[in-house]
Amino acid sequence: MEKPMHSAPTKTVLISTEQLIQIVPVCSRTIKRWVDRGLFPKPIRQGQKNFWPADKIDAWVEAGGVTEH
């Protein structure tokens, strides 16, 4: 009898606001405005800090990002 194969859960790599603004060179207030307008992925809040899943940011950048401020 074969056991079903289960894949191990993948860990999501999270990036901080400080790391994010090095990838997307705008200020954190601009990021917040984009999130509020639905133009940027929503952060994951841990304590009093925001983090973004790196894969969502990579996808956003590859899709062309925000074309208007």
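Odds and ends about this structure:
- Over the chain, accessible surface divided per residue gives 85 Å², non-protein components excluded, 1.4 Å probe.
- Helical runs assigned H by DSSP (4 residues or longer) give the chain a calculated mean residue ellipticity at 222 nm of -10500 deg cm²/dmol, each run adding -39500 (n - 2.57) before division by the residue total.
- Annotated for the chain: lysine pairs at least 8 residues apart or interchain, Cα distance under 14 Å, count 4.
- To the nearest ten degrees, helix 28-37 and the longest principal axis of the Cα atoms of the chain are 70 degrees apart.
- Over the chain, the ratio between the Cα radius of gyration and 2.2 N^0.38 Å evaluates to 1.42.
The values are calculated or read from the model by the stated rules, or taken from the named source; none is laboratory data. Keep in mind that what you see is a predicted model, and the values were worked out from it rather than measured. Only protein heavy atoms, including side chains, enter the accessible area calculation; ligands, DNA and RNA are left aside. Shrake-Rupley method; radii C 1.70, N 1.55, O 1.52, S 1.80 Å.
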